[in-house]
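Before any comments, here is the structure.
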Amino acid sequence: MPSPVLARVPRANMPPSLQAAHDAALKLRDDATFIEVAANAPELMDWYVKEFYGRVFYAGRVEVRTKELLRYRLSMMHGCAYCNRGNSAAARKAGVSEAQLERVMDENDAVFDARDRAVLKLASQVAMTNPGGHLDAALHAELRAHFDDAQIFELGMTAGMLTGMAKFLFVYDLVEREAACPYGPPRH
């Protein structure tokens, strides 16, 4: 269980929007540590939800299913148990199949088409586990067969934001990690 050093705000002291997020996190992820700590600066959480998720992730140029597949691959690579619980449910809702969720770490599996394979390869380049990641000409060509450059930029920015958030969540000990998380459990 997360054990952050920052204060947790009691649900009763949160603005209504964060109370709703708190309840949803408990229901879906069985943990609301992130929301409790975020309530120290509710305007930042408001920005994250409205601007990143509202304007980029759930809007933007690239359909949500593709971004959900990208997000789930990243959370699996990073080993975020909190993220994986929510991201798998969201990916299913967006149309990612059970077989694709089960095989998300193998972009070469037959359950993925060429478009999905390119997106999963991009996730591997942006992931924290790949400090030498690079969008080279070959990967760009794979992506370009399915996306224009504005969409490829959006996918990269989305992956970068998600990866940065994962790092932040781990450093601040705001989420539960998978046993196989390459960043290991925090030391207390």
Revision key, fill the gap. Subset of the range 33-85, residues at pLDDT 95 or above and of a type in the set (Ser, Thr, Tyr), comes to 33, 48, 53, 58, 66, 72, 75
Check your understanding: Any chance the range 136-158 includes a residue that's within 23 Å of residue 51 (Cα to Cα) and either of a type in the set (Lys, Arg) or at pLDDT below 95 (or both)?
Key -> no
Point to revise | Count - residues of the range 19-42 that are over 15 Å from residue 83 (Cβ atoms) and either exposed (fewer than 14 other Cβ atoms within 10 Å of the Cβ) or not small (Gly, Ala, Ser) (or both) | key: 11
Study note, to complete from the structure: Within the range 9-18, the residues that are buried (at least 16 other Cβ atoms within 10 Å of the Cβ) and under 20 Å from residue 85 (Cβ atoms) are 18
Exercise for review: Mind telling me which of the residues 171, 119, 96, 126 ends up being closer than 26 Å to residue 29 by Cα and modelled with pLDDT under 95?
Suggested key: 171
Review point. Any residue in the range 145-158 that is part of a loop (DSSP other than H, G, I, E, B), outside the structural domain of residue 35 (by TED's automatic domain parsing), in contact (Cβ under 8 Å) with a residue 40 or more places away in the chain and in contact with a strand residue (DSSP E or B) (Cβ under 6 Å, 6 or more places away or on another chain)?
Key: no
Practice item. Find the helices (runs of 4 or more DSSP H) located wholly in the range 21-100 whose residues include 1 or more that are in contact (Cβ under 8 Å) with a residue 40 or more places away in the chain, and list them. Key: 33-38, 64-78, 81-94
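The values are calculated or read from the model by the stated rules, or taken from the named source; none is laboratory data. All figures in this text were calculated on a predicted structure; none of them were measured in a lab. For neighbour counting, all protein chains shown are included, and Cβ atoms are generated from backbone atoms with ideal geometry for every residue, glycine included.
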